[in-house]
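Here the structure is laid out as structure tokens; the discussion comes afterwards.
The values are calculated or read from the model by the stated rules, or taken from the named source; none is laboratory data. No experiment lies behind these values; they were computed from the predicted model shown. All Cβ positions, even for glycine, are placed from backbone atoms using ideal geometry, and neighbour counts span all protein chains on display. The area values use the complete protein model at the heavy-atom level, side chains included, leaving out ligands, DNA and RNA. Shrake-Rupley method; radii C 1.70, N 1.55, O 1.52, S 1.80 Å.
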Amino acid sequence: MTPWQKVFAGCVFFALGLGYLYRPDLIERMNALLREYVLNDAHLALERRKWGMFFLLLSFLFLYMGYTALNRGVFQ
């Protein structure tokens with residue numbers, strides 16, 4: 001995975017985490033499209049904060065890995 005892909009993945013997970021925490025109505029609309037295949041309503045309603053924190057932590061991990069990989073060439 002290239003550093004730019006890691007930064008992009010970090011931004012996507014960051015947006016998804018904030019969506020779960022602050023705009024659950026948008027996530028519910030997205031869930032309506034994927035309900036039959038991937039997501040379960042019980043997970044969305046009961047574990048919203050857990051999923052939000054998970055995606056935020058995942059985003060920070062990807063952003064950190066991408067940032068350090070991008071800066072590795074600058075300082076060597």
Quiz prompt | Counted residues, region 41-65 - those being at pLDDT below 90, open to solvent by 60 Å² or more (accessible area, probe 1.4 Å), in a helix (DSSP H, G or I) and out of contact with any Pro (no Cβ under 8 Å at 6 or more places or on another chain) | solution = 7
Quiz prompt | Neighbours by Cβ (under 9 Å, 6+ apart or cross-chain): first from region 51-71, under 24 Å from LEU21 (Cα atoms); second surrounded by fewer than 17 Cβ atoms within 10 Å (Cβ to Cβ) and among the small types (Gly, Ala, Ser) | solution = PHE55/ALA15; SER59/ALA15
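Just to be sure, is ARG35 within 16 Å of THR2 (Cβ to Cβ), modelled with pLDDT under 80, out of contact with any strand residue (DSSP E or B) (no Cβ under 6 Å at 6 or more places or on another chain) and not hydroxyl-bearing (Ser, Thr, Tyr)?
No; evaluated as a whole, the condition is false for this residue.
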Quiz item: What pairs can you find where one residue is in region 29-40 and under 17 Å from LEU16 (Cα atoms) and open to solvent by less than 80 Å² (accessible area, probe 1.4 Å), the other is modelled with pLDDT of 75 or more and outside any loop (DSSP other than H, G, I, E, B), and their Cβ atoms are less than 7 Å apart, with a gap of 6+ or different chains?
Solution: LEU39/ASN31
Exercise. Determine, yes or no, whether VAL74 is in a helix (DSSP H, G or I), open to solvent by 40 Å² or more (accessible area, probe 1.4 Å) and either out of contact with any helix residue (DSSP H, G or I) (no Cβ under 8 Å at 6 or more places or on another chain) or at pLDDT below 90 (or both).
Key: yes
